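S.K.: Provided herewith is a single structure, encoded as structure tokens, for subsequent inquiry.
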Amino acid sequence: MTLNKYTPADIQGIFSKTPDKDTLVQFLKTQDPDIVEAVRAAAEETLLKYCGNNVYYRGLIEFSNSCALDCAYCGIRRSNTKVVRYTVSEDEIIKASRWCADVHYGSLVLQSGERHDDQFIDFVERVTKKIKQATVSSVLPEGLGVTLCVGEHTLETYNRFRAAGAHRYLLRIETTNEKLFKSIHPTEQNLDSRLQCLDYLKRAGFQVGTGVMIGLPGQTPEMLADDLLFYKKYDFDMFGMGPFIPHMDTPMGRLKVMSDKERTHLGLMMIALTRLLTKDTNVAATTALQALDPVGREKGLSFGANVLMPQLTPTEFRESYLLYENKPCLDEEKEDCLTSLTKKVETVGRVVAQDQWGDSKHFTARTSNS
Ligand code: 5AD
């Protein structure tokens, strides 16, 4: 297929069934502003039709940067000795959760480096239970929605986390290309075990989210098109993806990457194409987008995203959770972060939902079919 001049309605037509890889590649490659705008508008229409006007906030608590893994791109990798390691105390996490519920976010995300020891697993389980108990109110009868983002674990561990009350889980695949995956991870990590874990998460009853990094050295539009087809085929409920941003204290810190503008563009196109393909899922406009473009997250919303993750990590720890450089919101107090973000949402004509978990509609549809 060759791309000509398209209206949003033409784009909707193309995505009325899953397009072939070549079509996706062409959308990922195009620089034609009219086609980009048609894709954006079609993605926005799809979002409004399937999910409505709401933007859902998930307060983000990066509760520990201790990590047993050594991913070549990540600033908190095990072998980065410059990082001061921390774990936020249970009391502080509960305090941040109460604040999150008080300002009507409805949900939070607990994210950390990856550890597999019993102490860590017990900690996550216990703190999840406590958050649920501590945030019950008349508007949130079951407490805050809790999403976990704590990496690869056994099915048994996932079952424990689910039983503790977490009901969404994010585990990025990073890339579905085996060769590229190998080139950015140490040998002890592999694509098959990541896929196995994503399957476990579904079996444990989670709403499951995944995503990739965009603009990795060696990544082609063809690989990204495969990632998009993977999103569709594996029937995920949520997506969080963003541009790759080098961190100087990592092995990938000095590799040549596309310009900020190009990576932002590709990140936005990935959001729009994910929306057009998967329709009723939750898609986040991630902080990494804002790191490359001051209005990256607002643009993400207008390209079809409906989830934002405002910072709740206590400010004293934020500097130690640098997965990549130029991370925004480092010193902004959570109150200011909230005010500025809500304004941004309103500038793109959307509404911040209050006191709701904001579950993926896709999950409801997927589970009522099975
Ligand atoms: N640039 C962009 N994203 C990164 N992540 C980790 N390091 C980087 C980086 N340098 C992302 C990974 C991981 C998520 C928590 O953060 O996709 O899954």
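The values are calculated or read from the model by the stated rules, or taken from the named source; none is laboratory data. Bear in mind that the values here come from a model prediction, so they are computed numbers and not experimental data. Here the Cβ is made from the backbone with ideal geometry for all residues, glycine too, and neighbour counts use every protein chain on show. Side chains are part of the model used for accessible areas, which takes the heavy atoms of the whole protein and leaves out ligands, DNA and RNA. Shrake-Rupley method; radii C 1.70, N 1.55, O 1.52, S 1.80 Å.
S.K.: Please give the FRET efficiency for SER137 paired with ARG78, using the beta carbon to beta carbon distance and R0 = 41 Å, rounded to the nearest 0.05. Intermediate values should be presented prior to the final figure.
M.R.: Values: r = 40 Å, r/R0 = 0.97.
Once rounded, the FRET efficiency stands at 0.55.
S.K.: Also, quick follow-up: What Kirkwood radius, in Å to one decimal, follows from the Cα pairs of the chain?
M.R.: 20.6 Å
S.K.: OK, next. Enumerate the calculated ³J(HN,Hα) couplings along the stretch 330-341 in order (Karplus 6.51 cos²θ - 1.76 cosθ + 1.60, θ = phi - 60°), each rounded to whole Hz, writing x wherever the residue is Gly or Pro.
M.R.: Once θ is set to phi - 60°, the couplings for the stretch 330-341 become 5, 10, 6, 5, 4, 5, 5, 4, 5, 4, 5, 5 Hz.
S.K.: Tell me the per residue accessible area of the chain using a 1.4 Å probe; a whole number in Å² is fine.
M.R.: Per residue, the chain has an accessible area of 41 Å².
S.K.: For the stretch 118-130, just list the computed ³J(HN,Hα) in residue order, Karplus coefficients 6.51, -1.76 and 1.60, θ = phi - 60°, integers in Hz, with x standing in for Gly and Pro.
M.R.: In residue order, the calculated couplings are 4, 4, 5, 4, 4, 4, 4, 5, 5, 5, 4, 4, 5 Hz.
S.K.: Return the lysines within reach of LYS343: Cα separation strictly under 28 angstrom, same-chain partners fewer than 8 residues apart disregarded; answer none if there are no such residues.
M.R.: LYS49, LYS95, LYS261, LYS279, LYS299, LYS327, LYS334, LYS361
S.K.: Now a separate question. Treat each spin label as a single point 7 Å out from the Cα along the C-beta direction, and report the ASN159 to LEU255 distance in nm.
M.R.: Going from the ASN159 label point to the LEU255 one covers 3.8 nm.
S.K.: Any aspartates and glutamates with Cα under 19 Å of the LYS233 Cα? List them, leaving off those in the same chain fewer than 8 positions away.
M.R.: Leaving aside aspartates and glutamates fewer than 8 places away in the same chain, those within reach of LYS233 are ASP20, ASP22, GLU174, GLU178, ASP192, ASP199, GLU222, ASP280.
S.K.: Non-local amide H neighbours of ASP70 (under 5 Å, H modeled in plane, Pro and chain starts lacking H): which ones?
M.R.: Sorted by chain and number, the residues that satisfy this are ARG78.
S.K.: On to the next question. Looking only at the stretch 113-132, which residues have a backbone nitrogen under 20 Å from a spot 7 Å from the Cα of GLN196 in the C-beta direction?
M.R.: Answer for the stretch 113-132: 114-118, 121.
S.K.: Also: Using a Förster radius of 41 Å, what is the FRET efficiency between TYR234 and ASP336 based on their Cβ-Cβ separation? Nearest 0.05, please.
M.R.: E(calc), rounded to 0.05, equals 0.60.
S.K.: Here's another thing I want to ask about it. In Å and from the alpha-carbon atoms only, list the Rg and Dmax of the stretch 81-200.
M.R.: Cα only, the stretch 81-200: 16.0, 51 Å (Rg, Dmax).
S.K.: Run the numbers for ASP10 and ASN54: contour at 0.36 nm per residue of separation, minus the present Cα-Cα distance, in nm.
M.R.: So the extension gain works out to 13.3 nm.
S.K.: Please give the peptides 134-147, 291-304 ranked by average Cβ packing (other Cβ atoms within 10 Å per residue), highest first, as a rough proxy for protection.
M.R.: Values: 134-147: 16.8, 291-304: 21.9.
Descending packing order for the listed peptides: 291-304, 134-147.
S.K.: What net charge is computed for the residues neighbouring GLY113, neighbours being all others with C-beta under 10 Å from the C-beta of GLY113, Lys and Arg scored +1, Asp and Glu -1?
M.R.: After counting each charged neighbour, the total is +2.
S.K.: What residues have an amide H closer than 5 Å to that of GLY145, excluding those fewer than 5 places away on the same chain, when H is modeled at 1.01 Å from N in the peptide plane?
M.R.: The answer is SER107, LEU108.
S.K.: Note down, for the stretch 177-238, the three equivalent ellipsoid semi-axes (square root of 5 times each alpha carbon gyration tensor eigenvalue), biggest first, whole angstrom.
M.R.: 21, 16, 8
S.K.: Separate question: Below 8 Å, C-alpha to C-alpha, sequence gap of six or more: please give me the relative contact order for the stretch 90-166 in percent.
M.R.: 37 percent
S.K.: Taking the C-alpha atoms of the stretch 256-370, how large are the radius of gyration and the largest Cα-Cα span, Dmax, in Å?
M.R.: Computed over the Cα atoms of the stretch 256-370, radius of gyration and Dmax are 15.5, 46 Å.
S.K.: Based on the alpha-carbon set only, what is the convex hull volume of the stretch 21-66 divided per residue, in Å³?
M.R.: 171 Å³
S.K.: Also, I was wondering about something else. Tell me the label-point distance for the pair LYS179, ASP102, using the 7 Å Cα-to-Cβ offset, in nm and rounded to one decimal.
M.R.: Here the modelled spin labels are 5.4 nm apart.
S.K.: Using Cα pairs under 8 angstrom and six or more residues apart, how large is the relative contact order of the chain, in percent?
M.R.: Relative contact order of the chain: 23 percent.
S.K.: Over the stretch 1-145, consider all pairs of different Cα atoms and compute the Kirkwood hydrodynamic radius from their mean reciprocal separation; express it in Å, one decimal.
M.R.: With all distinct Cα pairs of the stretch 1-145 included, I get 19.2 Å.
S.K.: Additional query: Amide H to amide H, which residues 5 or more places from VAL352 or on other chains are under 5 Å from it, using H placed in the peptide plane?
M.R.: Those qualifying (amide H under 5 Å, at least 5 residues apart or on another chain) are VAL55.
S.K.: Can I ask one more? In whole percent, how big is the carbon plus sulfur part of the accessible area of the chain, probe 1.4 Å, protein atoms only? Spell out each step's value before the answer.
M.R.: Details: 7820 of 15010 Å².
Here carbon and sulfur together make up 52 percent of the probe-accessible area.
S.K.: Okay, next question. Could you give me the ³J(HN,Hα) list for the stretch 15-22, computed from phi with Karplus coefficients 6.51, -1.76, 1.60 and θ = phi - 60°, whole Hz, x at Gly and Pro?
M.R.: 8, 5, 10, 5, x, 6, 4, 4
S.K.: Next question. What's the local net charge at THR210, with K and R +1, D and E -1, over the other residues with C-beta under 13 Å away?
M.R.: With Lys, Arg at +1 and Asp, Glu at -1, the net is 0.
S.K.: What relative contact order, as a whole-number percentage, does the stretch 248-314 give when Cα pairs under 8 Å and 6 or more residues apart are counted?
M.R.: 33 percent
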